[in-house]
């Protein structure tokens, strides 16, 4: 099998990138190792991670290749620790026309950090990424979607650290994350006069009083494709951009098997074998773009119609 470095040298140059479209959906990748997933918390000790073989470089290169084949660009939310270890990978993502954004430094949930710890975490990750790319990092995604109602304070820190948008809220009820009352549309957060940061929430479809998540991670791996496409069509009809998210380990057919309880094992491993084809199917069926396209495409005339959630 070719090494990741030889993969980079042979990477096919992308066609001319499509222009931003205001009603396109957003394609995102959370660039992390398999052992960063929250399911391994308490199973893989942080200090012992070095003994596990790294897979993120090879799998991310496969995603770059897949996106290029479909002539689609997206946003890669990258951990600072991954970027520091694989700076060539970050350059390859950028050179293929994709956006580099922050996923924090070491995949610590915001709910497990103090405000000062969070500030240091995002500042460090942003600096690492900007040093590698030479470009401002505008976007942020919290590990495990851990901006919830009680961590709303994170927005003011993100705003002050120079971020323009976040995509960190899942408006659902879940045992690890979720802000059910957030709403379905992007919102201005931490509004301070003419300064704010946008939150672009993850995709849900509302049925009665329930928000049903879809479009990424285990939801994309487990749902049948006709159901996922039905949700995407409904979002498009309602003029709401959908957000696809995928982790490099989710297309890894050589994913190391690590012992864990049965329920955790099912949540993490089930559907990996078919994930790459599901992503390919979506990319060929709908229009996608980078998340910073939102900043470029929000018409000034409509901003007043998108509700602002002023920090309390």
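Scanning segment 242-301 for residues that are closer than 19 Å to residue 230 by Cβ and surrounded by fewer than 17 Cβ atoms within 10 Å (Cβ to Cβ) yields 274, 277, 280, 281, 284, 285, 287. Residue check, residue 196 against (1) surrounded by fewer than 16 Cβ atoms within 10 Å (Cβ to Cβ); (2) more than 19 Å from residue 241 (Cα to Cα); (3) touching a strand residue (DSSP E or B) at 6+ places or on another chain (Cβ under 7 Å), all met but one. Which one? Every listed condition holds for residue 196 apart from (1). Considered as a group, the residues in segment 147-157 that are touching a helix residue (DSSP H, G or I) at 6+ places or on another chain (Cβ under 6 Å) and buried (at least 24 other Cβ atoms within 10 Å of the Cβ) include one that is nearest to residue 170 (Cα to Cα), and that residue is 147. Answer with yes or no whether residue 267 is modelled with pLDDT under 90, touching a helix residue (DSSP H, G or I) at 6+ places or on another chain (Cβ under 9 Å) and assigned to a helix (DSSP H, G or I). Considered against the rule, which asks whether it is modelled with pLDDT under 90, touching a helix residue (DSSP H, G or I) at 6+ places or on another chain (Cβ under 9 Å) and assigned to a helix (DSSP H, G or I), residue 267 comes out as yes.
Applying the set (1) in contact (Cβ under 8 Å) with a residue 12 or more places away in the chain; (2) touching a strand residue (DSSP E or B) at 6+ places or on another chain (Cβ under 6 Å); (3) part of a helix (DSSP H, G or I) to residue 219 leaves exactly one unmet item: (1).
Selection of segment 222-241 for residues being surrounded by fewer than 22 Cβ atoms within 10 Å (Cβ to Cβ), part of a loop (DSSP other than H, G, I, E, B) and touching a residue at least 12 places away in the same chain (Cβ under 8 Å) yields 239, 240. Checked against the criteria, residue 177 does not count as surrounded by 21 or more Cβ atoms within 10 Å (Cβ to Cβ), at negative phi and part of a helix (DSSP H, G or I). Of 202, 184, 159, all but one fail to be assigned to a helix (DSSP H, G or I) and either more than 27 Å from residue 40 (Cα to Cα) or under 15 Å from the mean Cα position of the chain (by Cα) (or both); the exception is 159. For segment 74-94, the tally of residues that are surrounded by fewer than 20 Cβ atoms within 10 Å (Cβ to Cβ), touching a residue at least 60 places away in the same chain (Cβ under 8 Å) and out of contact with any helix residue (DSSP H, G or I) (no Cβ under 7 Å at 6 or more places or on another chain) stands at 0.
The values are calculated or read from the model by the stated rules, or taken from the named source; none is laboratory data. Keep in mind the model is a prediction, meaning the values are calculated, not measured. Every residue, glycine among them, receives a Cβ derived from its backbone with ideal geometry; neighbour counts consider all protein chains shown.
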